[in-house]
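All remarks here apply to the structure that follows.
The values are calculated or read from the model by the stated rules, or taken from the named source; none is laboratory data. This one's a predicted model, so the numbers in the text were calculated from it and none came from an experiment. Using ideal geometry, Cβ is built from the backbone for each residue, glycine included, and neighbour counts are taken over all protein chains shown. The area values use the complete protein model at the heavy-atom level, side chains included, leaving out ligands, DNA and RNA. Shrake-Rupley method; radii C 1.70, N 1.55, O 1.52, S 1.80 Å.
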Amino acid sequence: MTKDNSLKETKRQIEFMHKAGKIVEQRSKALSRPLYAMTVTFGCQMNFRDSEKIDGALREMGFLKASSEEQADVLIYNTCTVRENADKRLFGRLGVCKAYKNKNKNMIIGVCGCMMQEKQVVDRIKKEYPHVDLIFGTHNIFAFSELLYKKMSEGGFVADILESTDKIVEDLPTERKYSFKTGINIMFGCDNFCTYCIVPYVRGRERSRKPADIVDEIKRAADDGVKEIMLLGQNVNSYGKGLDTDVTFAKLLKEAASVDGIRRIRFMTSHPKDLSDELIEVMAENENIARHIHLPLQSGSDRILEAMNRHYTREGYISLTEKLKKAVPDIAITTDIIVGFPGEDVQDVSDTIDVIEQVGFDGAFTFEYSPRTGTAAAKMEQLDKGFVQENFDRVLKTVHKVAWERSRRFEGRVMEVLIEGEDEKDPERYTGRISQNNVVHFPKSGYHVGDLVQVRLDECRGFYYNGTVVP
Ligand code: SF4
């Protein structure tokens with residue numbers, strides 16, 4: 001999509017925000033109260049970033065933030081479909097919000113995100129949840145204002161789901177959840193087709209944003225006082241493919257690291273098959289690139305990795321982590337692991353456990369395999385649930401043992417912490433993260449959320465540290 005067309009579309013959507021804004025004004029006058037809106041987000045950081053764009057549009061239209069789903073005049077659910085329980089959660093919420101609409105007849109309920117790219121789910125909503133007014137997908141989040149305006153001005157049921165798109169619409173208003181950190185999309189979609197994964201079917205083909213647009217957005221964030229950015233993509237390592245400029249993720253990361261004011265850069269998600277030496281070098285040379293990488297392993301068995309279509313071997317993965325540790329000695333490595341992939345046997349699980357012990361992960365998101373309709377693995381013979389549960393427990397036990405040994409290596413050290421908020425359990429304390437992403441709780445002592453402070457990590461409590469600010 002050309003820059004011109006992107007700007008034209010941005011202009012169009014902002015016009016719809018203003019038109020919808022007039023209706024909001026009229027209704028607010030008629031009700032003698034402001035109108036409220038809420039976006040409920042499920043799933044990954046890509047979804048949270050999309051919700052910040054929906055919230056940005058709602059703010060421009062004049063909606064105030066609702067304090068509860070029930071209070072909302074516009075209620076949007078941004079959905080995830082990576083695992084089965086994501087579906088259950090959405091239908092549970094749709095069941096509950098019907099009652100809210102009985103009280104507020106003009107309430108507009110919308111559903112968007114990855115689940116809306118699945119026809120069987122959309123058909124079910126149309127049939128079983130007629131109180132849903134608006135449906136749109138992952139490829140036209142940018143058109144939310146146009147669709148909401150259509151609903152507010154013409155009424156009726158509005159649904160618009162694109163099969164795919166080459167569009168990347170820049171510079172739409174966003175409402176950041178945090179003032180000191182933000183996610184920045186660098187690319188959309190995925191071409192890897194791992195056999196268990198639904199993402200390529202719901203997020204489409206890979207398309208990268210232009211490096212200049214990304215760096216501009218990082219500079220604007222820095223001007224707004226943002227200190228930490230998270231570069232987002234389903235597989236950031238394939239960033240740049242399809243662009244007419246010769247740019248790689250490593251080059252983009254280096255440029256991002258040079259932006260004044262950005263004290264910490266994180267990125268996710270990396271795929272081991274194309275994590276380059278160039279990237280490892282850039283990480284080693286730039287202190288403000290977080291000393292943490294999330295590198296999904298999924299399985300430690302070559303037989304299962306092949307069946308998953310992952311394009312790397314256990315030895316290849318292990319040597320990559322050794323390269324990372326050599327180049328960035330303090331690095332924390334976390335991962336994703338799937339247990340119960342079709343055909344997986346006891347030896348495959350032992351191979352996975354062996355890799356967990358060899359690499360020494362700081363943490364791992366461990367999931368039981370969940371068949372997703374439409375993926376290649378969903379057509380394979382599924383394993384017995386009891387057998388999967390047994391293996392899952394074996395893997396989880398190892399993950400916890402290794403993570404506990406690894407994560408306490410910073411005990412006694414003074415490290416820089418970005419204050420992210422109040423400790424939920426104790427308002428006299430702050431909670432924040434070190435560059436390695438470990439959580440630290442410590443007494444407030446005059447600093448503010450968003451500050452970077454030196455903290456001595458006194459005691460490791462497994463998933464977090466207790467610490468003391470070092471003036
Ligand atoms: S890399 Fe594989 S697991 Fe990750 S989003 Fe793409 S298809 Fe899914």
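Restricting to segment 1-45, name every residue that is of a type in the set (Gly, Ala, Ser), part of a helix (DSSP H, G or I) and free of Cβ contacts under 8 Å to residues at least 40 places away in the same chain. Talk me through it step by step, then tell me what you get.
So the first thing to find is which residues in segment 1-45 are of a type in the set (Gly, Ala, Ser), and the list is 6, 20-21, 28, 30, 32, 37, 43.
Restricting the remaining residues to those that are part of a helix (DSSP H, G or I) gives 6, 20-21, 28, 30.
The answer is 28, 30.
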Residue match in segment 404-411 (condition: more than 24 Å from residue 269 (Cα to Cα) and assigned to a loop (DSSP other than H, G, I, E, B)) | yes
### Task
Report yes if some residue within segment 59-70 is assigned by TED's automatic domain parsing to the domain that holds residue 114, part of a helix (DSSP H, G or I) and buried (at least 18 other Cβ atoms within 10 Å of the Cβ); otherwise report no.
yes
Of the candidates 409, 429, 413, the one satisfying the condition of being in contact (Cβ under 8 Å) with a residue 24 or more places away in the chain and out of contact with any helix residue (DSSP H, G or I) (no Cβ under 6 Å at 6 or more places or on another chain) is 413
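Is one or more of the residues making up segment 325-348 part of a helix (DSSP H, G or I), under 26 Å from the mean Cα position of the chain (by Cα) and not charged (D, E, K, R)? Don't jump to the end; show me each part of the working.
At the first step, the residues of segment 325-348 found to be part of a helix (DSSP H, G or I) are 325-327, 346-348.
Subset that is under 26 Å from the mean Cα position of the chain (by Cα): 325.
Applying the additional criterion that residues be not charged (D, E, K, R) yields none.
No, every residue in segment 325-348 fails to be part of a helix (DSSP H, G or I), under 26 Å from the mean Cα position of the chain (by Cα) and not charged (D, E, K, R).
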All conditions in (1) loosely packed, with under 14 Cβ neighbours inside 10 Å; (2) part of a helix (DSSP H, G or I); (3) under 23 Å from the mean Cα position of the chain (by Cα) are true of residue 393 except (3)
Taking segment 125-156 and keeping residues over 25 Å from residue 169 (Cβ atoms) and either touching a Ser or Thr at 6+ places or on another chain (Cβ under 9 Å) or in the same structural domain as residue 189 (by TED's automatic domain parsing) (or both) leaves none
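Within segment 153-173, can you find the residues that are closer than 30 Å to residue 264 by Cα and either of a type in the set (D, E, K, R) or open to solvent by 40 Å² or more (accessible area, probe 1.4 Å) (or both)?
Answer for segment 153-173, where residues must be closer than 30 Å to residue 264 by Cα and either of a type in the set (D, E, K, R) or open to solvent by 40 Å² or more (accessible area, probe 1.4 Å) (or both): 167, 170, 171.
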Query raised in the report: Being in contact with a helix residue (DSSP H, G or I) (Cβ under 8 Å, 6 or more places away or on another chain), open to solvent by 10 Å² or more (accessible area, probe 1.4 Å) and part of a loop (DSSP other than H, G, I, E, B), is that true of even one residue in segment 106-116?
Result: yes
Out of (1) at positive phi; (2) under 21 Å from the mean Cα position of the chain (by Cα), the one residue 272 does not meet is (1)
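Could you tell me whether residue 251 is under 21 Å from residue 10 (Cα atoms), modelled with pLDDT of 95 or more and open to solvent by 60 Å² or more (accessible area, probe 1.4 Å)? Write out each step before concluding.
Numbers: under 21 Å from residue 10 (Cα atoms): no; modelled with pLDDT of 95 or more: yes; open to solvent by 60 Å² or more (accessible area, probe 1.4 Å): yes.
No, not satisfied.
Looking at the structure I just gave you, is residue 150 more than 16 Å from the ligand (Cβ to nearest atom), part of a loop (DSSP other than H, G, I, E, B) and either closer than 16 Å to residue 79 by Cα or open to solvent by 30 Å² or more (accessible area, probe 1.4 Å) (or both)?
Numbers: more than 16 Å from the ligand (Cβ to nearest atom): yes; part of a loop (DSSP other than H, G, I, E, B): no; either closer than 16 Å to residue 79 by Cα or open to solvent by 30 Å² or more (accessible area, probe 1.4 Å) (or both): yes.
No; evaluated as a whole, the condition is false for this residue.
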Just one listed residue, out of 281, 287, is of a type in the set (D, E, K, R), assigned to a helix (DSSP H, G or I) and out of contact with any Leu (no Cβ under 9 Å at 6 or more places or on another chain), and it is 281
Requested in this report: Could you tell me whether residue 80 is within 28 Å of residue 186 (Cα to Cα) and in contact with a Cys (Cβ under 6 Å, 6 or more places away or on another chain)?
Outcome: yes
Tell me, please, whether a residue that is surrounded by 14 or more Cβ atoms within 10 Å (Cβ to Cβ), closer than 18 Å to residue 294 by Cα and acidic (Asp, Glu) can be found in segment 361-373.
yes
